[in-house]
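Here it is: the structure, laid out below.
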Amino acid sequence: SAVADERTRTFQADTAREANVFHHLITLPTYHTTALSVDNLAKEYFGEQGMLGYVKNVQREEIRQGIACVKHQNMSGSDMGDDHKEYFAGENALKAGGAKNTSNQFG
């Protein structure tokens, strides 16, 4: 099994060098990683842990590892939409962001 593991570890570099094959991360590994992580999340989220399963296993890890998507409201441009809404609706604007929104909870 050690030989098989080593061949697997060097597979991308070996095939790139020997067969001019370029591997994109968006194919096999990401498909299976997404399936596994969503399945694990669903078991926690709809199980006894509820929302805590998401917060503990996803959100806190994103924060600890500095993953940018934890500030997804800003990344999606919702702050620009909020500025537009506030300009026209003032205090009554229903905004996606703001001081009490998750986009501002993580510094």
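Restricting the search to segment 9-31, which residues are surrounded by 11 or more Cβ atoms within 10 Å (Cβ to Cβ) and either modelled with pLDDT of 90 or more or not hydroxyl-bearing (Ser, Thr, Tyr) (or both)?
Listed by number, the residues that qualify are 10, 11, 12, 14, 16, 21, 23, 29.
Same structure, new question: Please determine whether any residue of segment 32-40 is assigned to a loop (DSSP other than H, G, I, E, B), surrounded by 10 or more Cβ atoms within 10 Å (Cβ to Cβ) and of a type outside the set (Gly, Ala, Ser).
no
A further question follows. Given the structure, is residue 104 among the polar types (S, T, N, Q), more than 18 Å from the chain's Cα centre (by Cα) and either open to solvent by less than 60 Å² (accessible area, probe 1.4 Å) or at pLDDT below 70 (or both)?
Judged against the criteria, residue 104 is not a match.
Six or more apart or on different chains, Cβ atoms under 7 Å: show the pairs whose first residue is in segment 38-67 and β-branched (Val, Ile, Thr) and whose second is not in a loop (DSSP other than H, G, I, E, B).
Pairs that qualify, where the first residue is β-branched (Val, Ile, Thr) and the partner is not in a loop (DSSP other than H, G, I, E, B), are 58/41; 63/70.
The values are calculated or read from the model by the stated rules, or taken from the named source; none is laboratory data. For clarity, every value in this text was computed on a predicted model and none was experimentally measured. Neighbour counts are summed over all protein chains in view; Cβ atoms, including those assigned to glycine, are modelled from backbone coordinates with ideal geometry. Keep in mind that these areas ignore ligands, DNA and RNA; they rest on the heavy atoms of the full protein, side chains included. Shrake-Rupley method; radii C 1.70, N 1.55, O 1.52, S 1.80 Å.
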